[in-house]
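S.K.: Okay, here's the structure, questions in a sec.
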Amino acid sequence: MIIGCTTKRGGPSASACIGRRLRASLSLCPPESGQQRRHFGRYQRLLWKPAFPSDLPPALRQNAAVVRHAAPEVSPHKTTWTIYASQRIHEIAPELCARGAVQELAANIIYRALAAIDCRNGKEAMRREQDFRSDIFTACSNLFEVHHVHQGAEVVFGVLNEKTLRDISPEMRSNKRVLLNDMVLDSIEEWVSLHTHSFSQINAHGLFEVVGPAMFLKLIPRLHLSLLALPSEDLEVIFYHLETEKPDIFGLMRVAVSLLPVDSCTDALGGTTWTLRRVLRLIEARRSEHALRFFLTNLRDETLLREALAALRERDVDTGLLREKWSYIVSMQLEADTHTGRPIAVDMPNMWPMLHATPPPMQVELSSLDNDLEVPRGQRLFLTDGELRPFEIKRHTPRPLAGIAEPSRFRDTPWPQLAFDPAEALAVDRGEIEPSSAVDAYDVIAGRAEDVDAMQLWGGGPLAETRPSTSSIPGLPSPQATLPLDAIHFVDSVQALSHVLTFLQHTPPEFVGMDLEWADPHPVSIIQLATPTRAFVIDAVNRTPLYMSVLHCLVDWLLKREGTTKLFFGFPHDLLRLNMLFGPMGKSFSGGDHIASVVDLYMQRIQRVPVRTPRKADTPMGREELLGEAMMDDDFEKVRRLSAITPPHPPREDVAEKVYTVGGHHSLSSMAARHLGEPLDKRYRASNWNFRPLAAAQVVYAATDAHILLRLESAMRSRGILPQREWGCGPRDALQPAWWRQVE
């Protein structure tokens, strides 16, 4: 049975349309004549009954079900196709292929594929998909017989053409389009693997006309097609597609290599206007050493390889100068690799299976021009200038300590309430009092302090050997600095807050590490401040008005002080949380509040590296370039002077400074492992920070989380890795907000 269609504008049409499954995919015309409208209305009245009459034949019942869900009238001149609902694909494929009805056969394949894709019953969907694959397999067997290929058999591939698929189903979603292509292509590939000889008789030109150049290139490795079977006109289309429509230098090289052998680099490839020399020119324009090595490795002919190397060293006929300096340098490197017996290819992409096997990769150093190892695969893109850590405001369910860490003395005991004396702390920093002998907080987090005696734990034992605490960077601790336990102070009262403010204002530090921890429903649970010698864990859950007022004064003074650089990790997150904390008080931190001197360690940084460049007059290549410029300017005095100079050995060098963008977008633990040699244990981050009293392990973790920012900054600055941007650094007008400014 045929479910109807219209073929011309205003012409006669059948009395039905396809069903709900193709309503968004296949555009069908409604009936136009009065008689057709009457038939349509009669069917419509019939279909809205609770059930069909018992004597209605099955074919009419299916036709009626399709009409019931027919699409509304869109326009009377859209193209429509006949859907053979009562016949299988292998039954209608020979006739449609003989007529060259590409779109009509593709519409029927889409109709049956969507029946399997849209089915929501798992077992039924699996059965429909199996029937669809079996139907495609049988259709291929009927079209490609052992000793005879039916006329237009390649039409069955028309559904793989992206343009044909979009013409038939313009509103089909991309995920359904991918599933449909996979179902069809997997079935055809399965048949080809079992009937290679029968499929080898296919008309390659007809297949190319049906599927287009993009899909034909994808079918080459899966169906073992050969480009040599195509005429020169089709090959020209493929080259144009890879050069202009969809630039792909590796795909273009694969096509060129597939058309070998040729006698010379200037011979035509497959009767086209393309030559190996033209492909080599495109690689030179791209200046990709990896692509050049890939191309030369697959030439498979020593004569062609030597001719290509000679082409890279061509000189201008008029001036005698090198045509391309980059090509000359790379050719010298390639020749050196050839003489030493090293293969040319490095991390070479896979070739098509019907060609020779891919050589094994080699560990060969590439030049600085192509250290990125250009390969034809999808790559992630990142913002490289001032990218901030993305905001993430979502609820996190805190985990109990018993599910985070093993039982230990610090996990199961609360933090002791130790009073903070600012005068004593200042005396220790000035060296007037003997330094502490308490255990290092980093050893506690790493689990190396469980067997330490309780007296020695807090500094009651002999003075332990400490790591260097001073750094070559003023105001920063050493990257190997320690944080004794008695230098950690938990602040939960107004008096303690005033002592902290007094301590910081008496000798303002040049650098302060700041961090926040929170657990819902509170926006901020604790605020951590760390100086090179101290760490303060400030309670933010105790929200008495006086306490919050003093806390705001402390945070406000720190953020607005330009002489103190605040180190954050993910500053936008912390700034948002601080605004949520102090928002109910009518206070916030924004651009108008002159936030100054903030460095976000999550952002990218810059590194200044001295670069030594030999002088042109002292190298053969440079002398040749200077002589060429002098000859072009007719400056024979300069030519004589350069010819009389004997270049020194080794050549003199000019030292310049080059700025590189490094780092950024890494976790705090990975940065600690890279720059300090020890990863940071982040288990306690997911704990409940609202529960009081806090466990000793939570307080120690919070203190080290802020103090390690100072150590990281010291380690990176000592290696010349400096901040790329600071929040409000440098001089500013008093009325102008200090926002992002470039580091001088």
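The values are calculated or read from the model by the stated rules, or taken from the named source; none is laboratory data. Here the structure is a predicted model, which is why all the values come from computation and not from measurement. Here the Cβ is made from the backbone with ideal geometry for all residues, glycine too, and neighbour counts use every protein chain on show. Just the protein is used for accessible areas: all its heavy atoms, side chains included, with ligands, DNA and RNA removed. Shrake-Rupley method; radii C 1.70, N 1.55, O 1.52, S 1.80 Å.
S.K.: Given q = 0.27 Å⁻¹, what are the Debye log10 I(q)/I(0) values for the range 606-667, with equal point scatterers placed on the Cα positions and solvent ignored?
M.R.: -1.06
S.K.: Hey, what did the range 507-627 get for relative contact order, percent, Cα under 8 Å, at least 6 apart?
M.R.: Rounded, it is 22 percent for the range 507-627.
S.K.: Now for a separate question. I need the phi-derived Karplus couplings for the range 596-611: 6.51 cos²θ - 1.76 cosθ + 1.60, θ = phi - 60°, integer Hz, Gly and Pro marked x.
M.R.: 9, 6, 10, 10, 9, 5, 6, 7, 5, 10, 10, 9, 8, 10, x, 10
S.K.: If each of GLU190 and ALA402 carries a label point 7 Å out from its Cα toward its Cβ, how far apart are those two points in nm?
M.R.: Computed distance between label sites GLU190 and ALA402 equals 5.3 nm.
S.K.: Write down Rg/Rh for the range 533-625, rounded to two decimals, with Rg from the C-alpha atoms and Rh from the Kirkwood relation over Cα pairs.
M.R.: We get a ratio of 1.38 for the range 533-625.
S.K.: So what are the radius of gyration and Dmax for the Cα set of the range 573-709, in Å?
M.R.: Using the Cα atoms of the range 573-709, the pair Rg, Dmax is 29.1, 88 Å.
S.K.: Give the aspartates and glutamates reachable from LYS123 as a straight Cα distance under 15 Å; neighbours fewer than 8 places away on the same chain don't count.
M.R.: The reachable aspartates and glutamates, counting only those whose Cα sits under 15 Å from LYS123, are ASP131.
S.K.: Using +1 at the C-beta of Lys and Arg and -1 at the C-beta of Asp and Glu, which of HIS649, ALA697, SER669 has the Cα lying farthest in the positive direction of the dipole of the range 624-732?
M.R.: Comparing the listed Cα positions along the dipole, ALA697 ranks first.
S.K.: When ranked by the protection proxy of mean other Cβ atoms within 10 Å per residue, highest first, what sequence do the peptides 700-707, 577-584 form?
M.R.: Final packing ranking: 700-707, 577-584.
S.K.: Counting other Cβ atoms within 10 Å of each Cβ, which trypsin sites (Lys or Arg not before Pro) in the range 94-184 have at most 12 and sit in a DSSP loop?
M.R.: Taking the range 94-184 and a limit of 12 other Cβ atoms within 10 Å, the loop trypsin sites (Lys or Arg not before Pro) found are ARG120, ARG173.
S.K.: Here's a follow-up. How large is the convex hull of the C-alpha atoms of the range 164-208 per residue, in Å³?
M.R.: So the per-residue Cα hull volume is 74 Å³.
S.K.: While we're here: How much length, in nm to one decimal, is gained on full extension between GLU302 and ASN142, taken as 0.36 nm per residue of separation minus their Cα-Cα distance?
M.R.: 53.0 nm
S.K.: Ranking request for peptides 180-193, 529-542, 605-618: highest mean number of other beta-carbon atoms within 10 Å first, then the rest in descending order.
M.R.: Going by the mean number of other Cβ atoms within 10 Å, highest first, we get 529-542, 180-193, 605-618.
S.K.: Do the alpha carbons of any pairs in LYS163/LYS246; LYS176/LYS246; LYS246/LYS325; LYS566/LYS682; LYS560/LYS682 sit beyond 18 Å of each other, and which pairs?
M.R.: LYS176/LYS246; LYS246/LYS325; LYS566/LYS682; LYS560/LYS682
S.K.: Pulled fully out, how much extra length does the chain show between ARG608 and ASP182, if you take 0.36 nm times their separation in residues and subtract their Cα-Cα distance?
M.R.: Extra length available between ARG608 and ASP182 comes to 148.3 nm.
S.K.: Right, something else. Within the range 284-341, list the chymotrypsin sites (Phe, Trp or Tyr not before Pro) lying in a DSSP loop whose Cβ has at most 13 other Cβ atoms in a 10 Å radius.
M.R.: none
S.K.: How much of the accessible area of the range 588-676, probe 1.4 Å, is carbon plus sulfur, in whole percent?
M.R.: Roughly 54 percent, rounded to a whole number.
S.K.: If you don't mind, another one. How long is the gain from GLU233 to GLU424 if the chain were fully straight, where each residue apart is worth 0.36 nm and the alpha carbon distance is subtracted?
M.R.: 59.9 nm
S.K.: If you don't mind, another one. What figure, in Å² to the nearest 10, do you get for the accessible area of ASP263 with a 1.4 Å probe and non-protein molecules left out?
M.R.: The accessible area comes out at roughly 140 Å².
S.K.: Starting from the Cα of HIS197, step 7 Å toward the Cβ, then list every residue of the range 142-185 with an amide N under 16 Å from that point.
M.R.: Those under the cut-off are 144-149.
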